[in-house]
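Here's the structure, in structure tokens; my notes come after.
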2 protein chains.
Amino acid sequence: MSSVVAVGSMAFDTIETPFGKAQKILGGSVNHFSLAASYFVPVQCVSVVGDDFPRDHLSVLTERGIDIQGVQTAKGKTFHWSGRYGYELHEAHTLTTCLNVFESFEPTIPEEYKKTPYVFLGNISPKLQLKVLENMANPKFIALDTMNFWIEGSRKELVEILSRCNALLINEGEARQLTKTYNIVQAGQMIRSWGPQITVIKRGEYGAVLFDHGEVFSIPGLPLAEVKDPTGAGDAFAGGFIGYLASQAGFSISRYTLRKAVVYGSVMASFIVQDFGFRQLLNLKRESIEERYNRFIELTAFHVE
Amino acid sequence: MSSVVAVGSMAFDTIETPFGKAQKILGGSVNHFSLAASYFVPVQCVSVVGDDFPRDHLSVLTERGIDIQGVQTAKGKTFHWSGRYGYELHEAHTLTTCLNVFESFEPTIPEEYKKTPYVFLGNISPKLQLKVLENMANPKFIALDTMNFWIEGSRKELVEILSRCNALLINEGEARQLTKTYNIVQAGQMIRSWGPQITVIKRGEYGAVLFDHGEVFSIPGLPLAEVKDPTGAGDAFAGGFIGYLASQAGFSISRYTLRKAVVYGSVMASFIVQDFGFRQLLNLKRESIEERYNRFIELTAFHVE
């Protein structure tokens with residue numbers, strides 16, 4: 001078992017979905033990622049919060065065993081994202097992105113983090129992602145997430161950092177935007193030609209597609225009778241995906257290890273969408289995670305006599 | 001092995017997709033269905049064409065062994081559908097639906113068809129679907145397809161006929177419209193409460209979901225690097241689904257038989273979307289069908305040591 005270093009936002013989220021609203025709740029890519037991944041491996045967090053950030057929340061993370069030495073507190077306001085979703089829950093419509101303390105964030109990597117082999121570069125500015133990467137000693141596996149905001153504003157840096165990554169996790173609309181290609185097979189091949197051998201395209205309730213060494217694996221989302229808020233689903237997916245991979249680090253990353261990682265990612269995403277916020281990721285039992293994994297087996301099995 | 005009676009449209013289609021256009025090409029629900037199903041079982045067709053319909057085409061069907069005794073020729077014009085698709089290929093935008101000879105169509109069921117155990121009520125007016133059903137002796141398995149046009153205009157008749165069906169095959173947008181419910185699990189449960197124990201919700205490139213006796217099965221679409229025209233994909237799906245079920249008729253319809261039927265449906269749909277029209281369904285080898293079935297196994301397998 002390895003550890004994972006994760007960088008990304010700690011944030012306030014203001015969210016509206018057809019099923020409710022939430023005002024300035026705690027969120028952020030590294031928050032959701034870390035909580036999901038913490039069920040698989042030790043997680044080391046790099047981020048910044050403003051002086052308006054509730055200290056209590058950091059202890060929620062430490063109670064899950066998450067290392068927050070890399071989380072700085074800066075003068076100013078915490079990052080604030082607000083967005084809304086229509087019934088097409090896999091399409092987030094960003095209303096505002098206030099970077100706030102992220103505008104002048106200089107990540108410093110604690111010494112204890114530097115030799116950690118797994119790195120997740122969560123959804124923040126590619127410039128910051130690159131800075132984190134340059135401070136790591138010799139990472140074995142680097143995964144990247146991003147979003148439309150950076151594809152529009154920092155494409156060049158994004159493509160540069162992609163060339164150094166092992167895996168890109170990206171949602172479908174953003175994969176199309178990044179590659180300027182509608183067809184998802186073509187988009188996946190194009191991304192792989194830019195560097196990351198492993199590309200996972202996330203499709204919300206429609207599941208995920210993994211492109212890996214010329215193979216394609218695809219899994220539908222778990223059909224849920226109630227979904228309230230998809231915010232953080234992509235980060236929880238990444239947490240399950242990379243957490244599982246890192247937990248298998250003593251072994252080679254076989255095709256089936258990768259596929260199972262996609263399923264564990266889908267499992268963690270299926271928890272977080274059931275309500276606003278991240279509470280669903282706080283008190284999970286390992287058995288609940290395995291039970292959902294088994295539901296994916298049930299859901300997709302057909303070639304049985 | 002059983003036979004299948006299928007009723008539906010023979011049509012001219014005028015189609016525009018981001019990948020091309022086609023003017024007045026041959027199509028129609030029973031056309032696509034029959035060609036797909038003919039790889040599994042004998043098919044008996046019920047429909048009507050106008051005097052503008054090319055006779056040659058009927059021999060294309062008979063060459064595939066399809067029985068066309070139930071296809072009438074009426075004075076007037078053949079049914080004509082025109083529609084377009086944007087990049088979201090699973091959403092058809094109907095431009096015009098000219099019923100033409102279907103307006104006064106009185107289906108007559110040839111004697112040889114009446115005892116056929118499998119019935120597919122393809123996408124035509126629920127009134128006509130009901131008339132066909134009433135002329136069948138004692139069908140063992142009845143499957144229904146429909147579309148927004150009938151959900152809007154003939155909801156009452158549709159719900160009535162649903163109560164007599166074993167299976168509904170419907171696309172996702174139309175399932176939502178029919179049930180006035182966005183969530184697909186809730187929609188599937190609602191439809192089942194109206195009659196059909198088996199409900200298949202088709203999601204275009206995102207695959208299909210099967211609701212059956214409280215269980216859910218889901219499979220993604222086959223990722224294809226080129227898709228030109230989705231017209232007829234739902235009917236080809238139905239052809240593979242019901243064709244496979246009927247081919248297994250000597251056996252009980254187990255959960256895995258149903259799941260495999262969904263996969264064979266997806267296989268047949270994957271062929272038709274690769275080009276305009278139905279040529280892709282004319283000269284398939286059984287091995288090509290099995291090869292695609294195996295690609296679905298490859299695509300979705302993860303729980304292997």
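The values are calculated or read from the model by the stated rules, or taken from the named source; none is laboratory data. All values reported here derive from a predicted model rather than from experimental measurement. So basically every Cβ, Gly included, is an ideal-geometry build from the backbone, and we count neighbours across all protein chains shown.
Charged (D, E, K, R), touching a helix residue (DSSP H, G or I) at 6+ places or on another chain (Cβ under 7 Å) and crowded, with 17+ Cβ neighbours inside 10 Å: is that true of A:Asp145 in this structure?
Taking the combined requirement at face value, the residue satisfies it.
Given the conditions (1) more than 10 Å from every other protein chain (Cβ to nearest Cβ); (2) closer than 30 Å to B:Val216 by Cβ, report the number of the one that A:Leu178 does not fulfil.
The single condition A:Leu178 does not satisfy is (2).
Exactly one condition in (1) out of contact with any Leu (no Cβ under 9 Å at 6 or more places or on another chain); (2) farther than 20 Å from B:His303 by Cβ is false for A:Ile272; which is it?
Exception for A:Ile272: condition (1).
Restricting to the stretch A:212-237, name every residue that is free of Cβ contacts under 8 Å to residues at least 40 places away in the same chain and at the interface with chain B (Cβ under 9 Å from one of its Cβ atoms).
Hits for the stretch A:212-237 are A:Val216, A:Ser218, A:Ala225.
Which members of the stretch B:100-129 meet the condition of being within 16 Å of the chain's Cα centre (by Cα), closer than 25 Å to B:Met1 by Cβ and not polar (S, T, N, Q)?
B:Tyr118, B:Val119, B:Phe120, B:Leu121, B:Gly122
Just to be sure before I move on: is B:Arg192 of a type in the set (Lys, Arg) and closer than 21 Å to B:Leu133 by Cβ in the structure I sent?
Yes.
Is there any pair with a first residue in the stretch A:1-28 that is under 23 Å from A:Lys131 (Cβ atoms) and a second that is basic (Lys, Arg) and modelled with pLDDT of 95 or more whose Cβ atoms are under 7 Å apart and which are 6 or more apart or on different chains, and what are they?
Partner pairs satisfying both residue conditions: none exist.
So which of A:Gly50, A:Gly76 ends up being over 23 Å from A:Arg279 (Cα atoms) and in contact with a helix residue (DSSP H, G or I) (Cβ under 6 Å, 6 or more places away or on another chain)?
None of the others qualify; the one that does is A:Gly76.
Mind listing just one residue for me: the one in the stretch B:254-303 that is within 14 Å of chain A (Cβ to nearest Cβ), among the small types (Gly, Ala, Ser) and within 13 Å of B:Ala208 (Cβ to Cβ) and, of those, surrounded by the most Cβ atoms within 10 Å (Cβ to Cβ)?
B:Gly265
Assuming B:Ser270 fulfils every condition listed in (1) touching a strand residue (DSSP E or B) at 6+ places or on another chain (Cβ under 9 Å); (2) of a type in the set (S, T, N, Q); (3) under 23 Å from B:Gly27 (Cα atoms) apart from one, which condition is it?
(1)
Report every pair of residues separated by at least 6 positions or lying on different chains whose Cβ atoms are under 9 Å apart, first residue within the stretch B:79-103 and touching a residue at least 24 places away in the same chain (Cβ under 8 Å), second of a type in the set (Val, Ile, Thr) and assigned to a helix (DSSP H, G or I).
Between residues of the stretch B:79-103 that are touching a residue at least 24 places away in the same chain (Cβ under 8 Å) and residues that are of a type in the set (Val, Ile, Thr) and assigned to a helix (DSSP H, G or I), the close pairs are B:Phe79/B:Val101.
A:Gly250 fails exactly one of the following numbered conditions: (1) more than 10 Å from chain B (Cβ to nearest Cβ); (2) surrounded by fewer than 24 Cβ atoms within 10 Å (Cβ to Cβ); (3) touching a strand residue (DSSP E or B) at 6+ places or on another chain (Cβ under 8 Å). What is the number of that condition?
Going through (1) more than 10 Å from chain B (Cβ to nearest Cβ); (2) surrounded by fewer than 24 Cβ atoms within 10 Å (Cβ to Cβ); (3) touching a strand residue (DSSP E or B) at 6+ places or on another chain (Cβ under 8 Å) one by one, A:Gly250 breaks only (3).
Here are some conditions: (1) more than 16 Å from the chain's Cα centre (by Cα); (2) hydrophobic (A, V, I, L, M, F, W, C); (3) farther than 19 Å from B:Leu224 by Cα. A:Val185 meets all but one. Which one does it not meet?
(3)
Considering only the stretch B:111-119, I want to know if a residue exists there that is among the aromatic types (Phe, Trp, Tyr) and either away from every other protein chain (no Cβ under 14 Å) or under 30 Å from B:Phe251 (Cα atoms) (or both).
Checked against the condition, which is being among the aromatic types (Phe, Trp, Tyr) and either away from every other protein chain (no Cβ under 14 Å) or under 30 Å from B:Phe251 (Cα atoms) (or both), the stretch B:111-119 yields at least one hit.
Take the stretch A:228-244 and flag every residue that is in contact with a Leu (Cβ under 6 Å, 6 or more places away or on another chain) and surrounded by fewer than 24 Cβ atoms within 10 Å (Cβ to Cβ).
Residue satisfying the conditions is A:Pro230 alone.
Of B:Asp51, B:Asp56, which residue is in contact with a Ser or Thr (Cβ under 7 Å, 6 or more places away or on another chain), over 25 Å from B:Tyr244 (Cβ atoms) and among the charged types (D, E, K, R)?
B:Asp51
For residues that are crowded, with 18+ Cβ neighbours inside 10 Å, within 22 Å of B:Ala6 (Cα to Cα) and of a type in the set (Ser, Thr, Tyr), tally how many sit in the stretch B:157-205.
Of the residues in that region, 1 qualify.
Taking only the stretch B:37-71 into account, find how many residues are touching a residue at least 24 places away in the same chain (Cβ under 8 Å), under 20 Å from B:Val101 (Cβ atoms) and of a type in the set (A, V, I, L, M).
Result for the stretch B:37-71: 7.
Any chance you could count how many residues in the stretch B:243-269 are in contact with a helix residue (DSSP H, G or I) (Cβ under 6 Å, 6 or more places away or on another chain) and closer than 23 Å to B:Glu172 by Cβ?
Residues in the stretch B:243-269 being in contact with a helix residue (DSSP H, G or I) (Cβ under 6 Å, 6 or more places away or on another chain) and closer than 23 Å to B:Glu172 by Cβ: 10 in total.
Could you grab the pairs with beta carbons closer than 7 Å, sequence gap of 6+ or different chains, first residue in the stretch B:176-188 and closer than 12 Å to A:Glu88 by Cβ, second one among the hydrophobic types (A, V, I, L, M, F, W, C)?
Correct list of pairs: B:Arg176/B:Ala187.
Going by the structure shown, is A:Glu157 among the acidic types (Asp, Glu) and within 12 Å of chain B (Cβ to nearest Cβ)?
Criteria not met by A:Glu157.
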